[in-house]
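Written below as structure tokens is the structure these notes are about.
Every number here is computed from the coordinates shown, using simple stated rules; none is lab data. Please read these numbers as outputs of a predicted model, since none were measured by experiment. Note: ideal-geometry Cβ built from the backbone for every residue, glycine included; neighbour counts use all protein chains shown.
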Amino acid sequence: MFAARAVERLSQSPERVVFEILRDSECAQCKTELERGELLILDGREALCMECAGLADLEFLPSGDAALTRRATRYSGETVVAVHFSRARKRYERQGILVEKAALERAQRALGASLGAGT
């Protein structure tokens with residue numbers, strides 16, 4: 001059982017990651033200026049804005065609500081992890097995920113329904 005799960009986990013493609021930028025930058029493809037705090041994705045050595053990367057239609061779901069994150073991830077066809085570099089800790093820290101808007105709305109409805117049923 002453990003070996004089967006390990007093989008399945010290793011065969012999955014790695015998660016896509018977007019980065020919250022620390023200083024002003026520019027998209028390598030469309031030359032749009034990106035301000036501090038915006039998200040970008042690295043394609044090889046090039047930084048691409050969300051529009052050029054094809055991720056502009058995804059919604060940001062911040063960390064903090066595990067139940068909502070699990071449901072949104074399950075319902076979304078595409079998920080991307082958003083990270084931010086912590087200068088103090090010298091590492092990337094997960095800030096949340098990007099999911100499809102319809103998946104986020106469905107997850108919020110499902111969570112609301114399950115909370116309403118418990119009271």
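Structural remarks
- Enclosed volume per residue, in Å³, of the convex hull spanned by Cα atoms of segment 2-112: 141
- Loop-resident GluC sites (Glu not before Pro) (DSSP state other than H, G, I, E or B) in segment 15-53 with no more than 14 further Cβ atoms inside 10 Å of their Cβ: GLU15, GLU35.
- Taking the number of Cβ atoms within 10 Å of each Cβ as an exposure proxy, the fewest-first ranking of VAL83, VAL99 is VAL83, VAL99.
- If a spin label sat at a point 7 angstrom from the Cα of ARG94 along the line to its beta carbon, the backbone N atoms of segment 35-62 nearer than 18 Å would be those of 59-62.
- Cβ-based exposure ranking for VAL81, VAL17, in which fewest neighbours within 10 Å come first: VAL17, VAL81
- Sequence-distant contacts, meaning Cα pairs under 8 Å at least 6 residues apart, place the relative contact order of segment 2-112 at 24 percent.
- Trypsin sites (Lys or Arg not before Pro) lying in DSSP loop within segment 33-119, provided at most 12 other Cβ fall within 10 Å: ARG36, ARG45, ARG87, ARG89, LYS90
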